[in-house]
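Just so you know, all these numbers are worked out from the coordinates, no wet-lab data involved. Given the structure is predicted, the values throughout are model-derived calculations rather than measurements. Don't worry about glycine lacking a Cβ; one is built from the backbone with ideal geometry, like all the others, and counts go over all protein chains shown.
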Amino acid sequence: MRKNDIFEIEITGMTDDGRGVGRINGMAVFVPYVIVGETARIVLIKITKTYAVGKLIEVIKPSTYRVRPECSAFYKCGGCALMHMSYEKELEFKRNKVKDCIERIGGFKNFEPSDIVPSPKTERYRNKSQFPVTLEGIGMFAAHSHRLVESDDCLIAGENCRAVIKAVKYWMKSRGISAYDEQSGRGLVRHVCVRQADSGTLVTIVTSKDELPGSDALVDELKSSCPDLSGIIQNINTKKTNVILGSENKTIYGSSYLIDNIGHVKFRISPMSFYQVNRAQTERLYSIAEEFADLKGHETLLDLYCGIGTIGQFMARGAKKIIGVEYTPQAVMDARENAQINNVKNAEYYCGKAELVIRDIIKKGVRPDIAVLDPPRKGCDIKLLNALSEIPTLKKIVYISCKPSTLARDMKILNNLGYIPKKAVPVDMFPGTPHVETVVLMSRNM
Ligand code: SAH
């Protein structure tokens, strides 16, 4: 087997990131844009000691689940991986991934997740999109790289994005504004971020310096192309880094935050704060978490990794007390403000790392009955899980995860600490992409 060799292979499995897996002489070969059961002609583009990577040349025997991708950027852009299969097949892939991780990594052999909850929208469902700006133009990055795929649109991004990109492009061209070059560190505009909520659209222009020549023209351009524009922020990121946002924000026009409603609660969202990207599906996600929490009114609930306070405030009417912990200071400020907006008087927020702050909370004599955990992809710090298990009153854990493998790892740790998994519901928050959210209930007898 050598690089550039061409083979015909049968696809027998899928990787977690949505690529097909076949075998050549016993070695696993990963191929994007194929479906289990298909036979494909591929060219080998990478060979390592343990696996190879193939590029699809042609599907010889297509799956009945194969569909024509609706997005013109699909085969080039690294954002989505599954638009070549029917939504039904995509959902099956996601549920299998959750089940497989819980079984293989978690070690729970006879534990079946429920059916996956499909997303109400499979296109234009994102309320936040971030477009890199490079010397090549504005668009998206190709998979696992910083090579720009120039595109005026993204099928999973909100309706306004097209108009915003067009307006920014026009402004840059007409005013001679430079794009940032990652290699040399020169140039001004790094990213265009668009966020939409009930109160309107907030556009953030990320720049490498504290200057924005022609900002009046930018405001005019965006106002006329984006009818529900509610604000423009300049975010300054002077560092040579992959992280999109820097720490300084300036409001160029209008409001510096958005307001959105989820079910019966209202949230203020600052540019730096995390907020779920698929709003319609978020309400379902939180409702499942609420159902698992099954609050009776006397409970103290820990909302760990609480962001702007969403989950706890969604559930606050059923609890005696909510204690939120979050490490992004702006998000904590939003959470406190949101508690006031929602007239939630029983919530208290701490800013810091959950794994550290938890000790202070326990020292204060707080005795929570239930914890909601909603960590980022890397999952929870083991110190946090250990600390939770030492709280004698903490009977229930509702774990919301955006990464099945770290969820399964943490479920195993929690199981060793006495918690038994009761239910798991996969929720599709990210159609077209290989990502899947899961809500898990674990409890222990006291
Ligand atoms: N529950 C919220 C946010 C979930 S995203 C919602 O549904 O909207 C995860 C959040 O965890 C982010 O806001 C991130 O800033 C925060 N975070 C990441 N690591 C953390 C840590 N070690 N301790 C506390 N918060 C953390």
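With the cut-off at 1.5 for a/c, could you classify the range 128-261 from its C-alpha gyration tensor as rounded, prolate or oblate? Don't jump to the answer; show the numbers that get you there.
Values: a/c = 1.44, a/b = 1.26, b/c = 1.14.
The shape class here is rounded.
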Query - Sequence-separation-based contact order of the chain, relative, with Cα cut under 8 Å and 6+ spacing, percent - result: 13 percent
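What percent do you get for the relative contact order of the range 131-265 when only Cα pairs under 8 Å and 6+ apart count?
Values: 255 pairs, mean separation 26.7, N = 135.
Over the range 131-265, the number comes to 20 percent.
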Report summary line: Along principal axes, largest first, the alpha-carbon spread of the range 20-73 in whole Å comes out as 37, 24, 13
Query raised in the report: Nearest-5 percent of antiparallel DSSP beta bridges in the range 128-261?
Result: 75 percent
Requested in this report: Run through the DSSP bridge list for the chain and note the antiparallel percent, rounded to the nearest 5.
Outcome: 70 percent
Report task. Over the alpha-carbon set of the range 300-345, work out the extent along each principal axis and list the three values in angstrom, largest first. Result -> 26, 20, 12
Query - Three-way shape label, the chain, alpha-carbon gyration tensor, a/c 1.5 - result: oblate
Query raised in the report: Toward the positive end of the charge dipole of the chain, about the Cα centre and with charges on Cβ (Lys, Arg +1; Asp, Glu -1), which of Pro227, Ala143, Cys193 goes farthest?
Result: Ala143
**Report entry** Cα gyration tensor shape of the range 203-297, rounded if a/c is under 1.5, else prolate or oblate by comparing a/b with b/c
**Finding:** prolate
Query raised in the report: In the range 223-286, which trypsin sites (Lys or Arg not before Pro) are in a loop and have at most 11 other Cβ atoms within 10 Å, using DSSP for the loop call?
Result: Lys239, Lys240
Query raised in the report: From the residues Ile47, Tyr275, Leu202, which one has its Cα farthest along the dipole of the chain in the positive direction, the dipole being from +1 and -1 charges on Cβ of Lys/Arg and Asp/Glu about the Cα centre?
Result: Ile47
